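The values are calculated or read from the model by the stated rules, or taken from the named source; none is laboratory data. The structure displayed is predicted, hence computed values, not measured ones. We place every Cβ from the backbone using ideal geometry, glycine too, and count neighbours over all the protein chains shown.
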Amino acid sequence: MTPEERGHSTTLVYQYLPSRYGMNPDDLRKADAIEVVVGQGAKPGGGGMLLGQKITKRVAKMRCLPEGIDQRSSCRHPDWTGPDDLEIKIAELREITDWEKPIYVKIGATRPYFDTALAIKAGADVVVLDGMQGGTAATQEVFIEHIGIPILAAIRPAVQALQDMGMHRKVQLIVSGGIRNGADVAKALALGADAVAIGTAALVALGDNDPHLEEEYNKLGTTAGAYDDWHEGRDPAGITTQDPELMKRVDPVQAGRRLANYISVMTMEAQVIARACGKSHLHNLEPEDLVALTVEASAMAKVPLAGTTWIPGVSKY
């Protein structure tokens, strides 16, 4: 059954990663959009390692890699060393795709104001801003815990950059990292984002972290709900793995229905919140619809502390 037959539409985004392997122009033209990944929330400024055990014969063929050999993804791309080079690369991607495909630039949330401004200057159609809650097991604990900032603290500076450049709602802002439910969606849109993206939540909806696999998670030294071994390709649920035997555990039809249900419910939750705020449309939510319950959240989101008109660092108590 196709996505259209199920009543859902899908967008194929080709990720252009800082890595040693190149891109296939034919693949670029097949995609609905192209995402240039400069960084991600859990490890901004850091590269990664694609373990050889995950590069099976099938993966090697798809990605033009030597089978079974570790591949390093560097934190810098040889084609650009700054925003001017990135602008040239984006122009190159547009030429390859006959100016038909929107170009996303994904940045990890560290300097959201300046990085958003630089992405806009480079010619991005969409800026994807990823907070530190973006789940990944493919990096060091010191990165996950101490590099990057929460998405709550990153949205307002990014929106400010767009507004200062006269590009708010012209260049789209997508935020990700820790988006789990309709309330997260509503808050992100109220703070000025145009859309949200989900990653780990979608995996959970498909069937990852299922409690019935607890014993197998225990064998990997972890537990259901805190799975941290995706990067080794040994996912007991068979979703993020290259092991053909594990992959058989996934029923794609049932998994697709669960994911579709999750997205539908999350959307309805966000819509309910918009209606509760007296808004006729989800995108009519605005910062004035928000208050914070803690001083920290108030300061990060730049909305008043509940019961006051005080915003720490912005207004007097």
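Can you name the residue in segment 60-78 that is under 22 Å from ALA33 (Cα atoms) and out of contact with any Pro (no Cβ under 9 Å at 6 or more places or on another chain) and is also surrounded by the fewest Cβ atoms within 10 Å (Cβ to Cβ) among such residues? Across segment 60-78, the extreme among qualifying residues is CYS64. If I ask for residues that are modelled with pLDDT under 85 and not in a loop (DSSP other than H, G, I, E, B), which ones from segment 221-244 would you list? The answer is TRP230, HIS231, GLU232. Considering (1) modelled with pLDDT under 95; (2) under 29 Å from VAL291 (Cβ atoms); (3) β-branched (Val, Ile, Thr), say which one THR116 fails and leave the rest. Here THR116 meets the rest and fails (1).
When LYS106 is tested against (1) crowded, with 17+ Cβ neighbours inside 10 Å; (2) at positive phi, just one condition goes unmet, and that condition is (2). Screening LEU118 on (1) of a type in the set (A, V, I, L, M, F, W, C); (2) over 18 Å from the mean Cα position of the chain (by Cα); (3) surrounded by fewer than 18 Cβ atoms within 10 Å (Cβ to Cβ) shows it passes everything except condition (3). Of the residues VAL185, VAL196, the single one that is crowded, with 19+ Cβ neighbours inside 10 Å, free of Cβ contacts under 8 Å to residues at least 24 places away in the same chain, within 28 Å of THR240 (Cβ to Cβ) and touching an Asp or Glu at 6+ places or on another chain (Cβ under 8 Å) is VAL196. When restricted to residues that are under 17 Å from GLU232 (Cβ atoms) and within 19 Å of the chain's Cα centre (by Cα), segment 51-75 contains 1.
Residue-by-condition table, conditions (1) at pLDDT 95 or above; (2) closer than 25 Å to ASN181 by Cβ; (3) out of contact with any Cys (no Cβ under 8 Å at 6 or more places or on another chain); (4) outside any helix (DSSP H, G or I):
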site: ASP208; (1), (2), (3), (4): no, yes, yes, yes
site: GLU214; (1), (2), (3), (4): no, yes, yes, no
site: LEU246; (1), (2), (3), (4): no, no, yes, no
site: VAL253; (1), (2), (3), (4): yes, yes, yes, no
site: ARG257; (1), (2), (3), (4): yes, yes, yes, no
site: THR267; (1), (2), (3), (4): yes, yes, yes, no
site: ILE273; (1), (2), (3), (4): yes, yes, yes, no
site: GLU288; (1), (2), (3), (4): yes, yes, yes, no
site: SER315; (1), (2), (3), (4): no, no, yes, yes
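Screening GLU92 with (1) in contact with an Asp or Glu (Cβ under 9 Å, 6 or more places away or on another chain); (2) in contact (Cβ under 8 Å) with a residue 12 or more places away in the chain gives one miss only, at (2).
Among the residues of segment 36-53, are any free of Cβ contacts under 8 Å to residues at least 60 places away in the same chain, closer than 24 Å to GLN140 by Cβ, in contact with a Gly (Cβ under 6 Å, 6 or more places away or on another chain) and not acidic (Asp, Glu)? The answer is yes; a qualifying residue exists.
Here segment 119-147 is the region considered, the condition is being of a type outside the set (A, V, I, L, M), touching a helix residue (DSSP H, G or I) at 6+ places or on another chain (Cβ under 9 Å) and closer than 30 Å to THR294 by Cα, and the residue that is modelled with the lowest pLDDT is THR136. Every test in (1) over 21 Å from the mean Cα position of the chain (by Cα); (2) in a loop (DSSP other than H, G, I, E, B) is passed by GLY46 save one, and that test is (1).
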